[in-house]
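Take a look at the structure below.
The values are calculated or read from the model by the stated rules, or taken from the named source; none is laboratory data. Just so it is clear, the structure is predicted and the values come from calculations on it, not from any experiment. Neighbour counts run over all protein chains shown; Cβ positions are idealised from the backbone, glycine included. The protein model used for the area step is the full one, side chains on, heavy atoms only, and it has no ligands, DNA or RNA in it. Shrake-Rupley method; radii C 1.70, N 1.55, O 1.52, S 1.80 Å.
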Amino acid sequence: MASHRGYEKALSMLRTLPRVSLYNVAPTPNFVKKSKRGRGQHGGDTHGAGNKGALARQSYTRTGFEMGNNPYYLRFPNEPYYIGQHLRRQYPPLSLGQLQLMIDTDRINPKKPIDLVQICNTGLYKINVSGLHYGVHLTDDGADNFKAKVNIEVQWASEPVIAAIERNGGTITTAFYDPRCLHALTKAKKFLESGEPIPKRMIPPEDAIKAYTDPKFRGYLADPDKISWERLVLAQKYGYTLPKIEEDPDHEMLTARKDPRQIFFGLEPGWVINLVDRIILKPTDPELKEYYKG
């Protein structure tokens, strides 16, 4: 009977006491936790580096070392393709399919001229000027599905891309921008808020003059009459009827062009834009006027 009463007493205590868990378990009496690990025996652990040898002692060979053999960079010391690679201008690609998607999702308004400012403002295209990015390379991916009629300015485009845009009644121009102008174009709002005067565009470098004066490339420095002729030649080559821009209701938008020294549509070099007061400050000094126009 005594054992039965003890059994019931133990059950009644378990019903009232909390469950055993980490927060109510007391440590062992007189237990002292060591503050740090001891040295151990035989020099301690190897910490995953193994026993002896170069790997255990972290004595790795230098990059490119071939165990005494003549290394690769000495066997083939000259690679002409990579000469000046760190100085070459880079053009991040943007496909016609991506451009059509930007237009369909209302990120770009096709009723206005499209340049680097509108493309960067979509948030879907990035330009790293410090990484030698000099603008947009418009590629022909999605050319068959491109249906928009646009007036677009890019920095590099191939012949199929030009044909795809002009087939829909649009126009395309390839233009060069120097790094200072690219900083202003890629972050237009930040630049205009800085209060700096709009810089004038520099002329292309010597190795790019030929491209931007070529009417086949639709260069912004090419003769407009020669560009009109090349539009007709390209239409005959690809077998489509060239739409007449003169009779188009969007004729003014399609023929809008920047001055060779201009970087923003509607804003001249030398102007200071005050976004807070919504005013434009224009230079009055004759020397400044001559500088920004020359």
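Within a Cβ distance under 14 Å of Met13, other residues only, what is the Lys/Arg minus Asp/Glu net charge? So the environment of Met13 carries a net charge of +3. Pro224 sits among other residues whose Cβ lies under 12 Å from its own Cβ, and their net charge, with Lys and Arg +1 and Asp and Glu -1, is +1.
Checking (1) 5, 20, 23, 14, 6, 5, 4, 4, 4, 4, 4, 3, 2, 1, 0; (2) 5, 18, 21, 13, 8, 8, 9, 8, 6, 3, 1, 0; (3) 6, 27, 34, 24, 8, 1, 0 against the coordinates, the calculated P(r) over Cα pairs in 10 Å bins from 0, in percent falls under label (2).
Helical content of the chain, expressed as a calculated mean residue ellipticity at 222 nm, amounts to -8500 deg cm²/dmol (DSSP H runs of 4 or more residues, -39,500 (n - 2.57) each, divided by residue number, nearest 500).
Taking 7 Å steps out from each Cα toward its Cβ at Asp225 and Asn78 produces label points 4.7 nm apart. Projected label points at Asp285 and Thr213, each 7 Å from Cα along the beta carbon direction, are separated by 3.2 nanometres.
Considering only protein heavy atoms and a probe of 1.4 Å, how much of the accessible area of the chain is carbon and sulfur, as a whole percent? Display every interim value, and only then the final one.
Working: 11340 of 20610 Å².
Solvent-exposed carbon and sulfur of the chain make up 55 percent of the total.
With protein chains left intact and a 1.4 Å probe, residues in region 1-116 average 92 Å² of accessible area per residue. Between Leu94, Leu185, Leu17, the GNM of the chain built on Cα springs shorter than 10 angstrom shows Leu17 fluctuating the most. Between the amide H of Asn151 and those of Ile114, Thr171, distances stay under 5 Å, these residues lying 5 or more places away or on another chain, with hydrogens modeled in the peptide plane.
The alpha carbon centroids of region 111-165 and region 180-240 are separated by 12 Å. Residues Arg201, Arg107 ordered from highest to lowest accessible area at a 1.4 Å probe: Arg107, Arg201. Ignoring lysines fewer than eight residues from Lys147 along the same chain, the ones with Cα atoms less than 25 angstrom from its Cα are Lys111, Lys112, Lys126, Lys216, Lys237, Lys244, Lys258. Identify which of Asp250, Asp277, Asp115 has the largest mean-square fluctuation in a Gaussian network model of the chain, with springs joining Cα atoms closer than 10 Å. With Cα springs under 10 Å in the chain, the top fluctuation among Asp250, Asp277, Asp115 is at Asp277.
Packing-based ranking of 57-67, 125-135 yields 125-135, 57-67, ordered from highest to lowest mean Cβ neighbour count within 10 Å.
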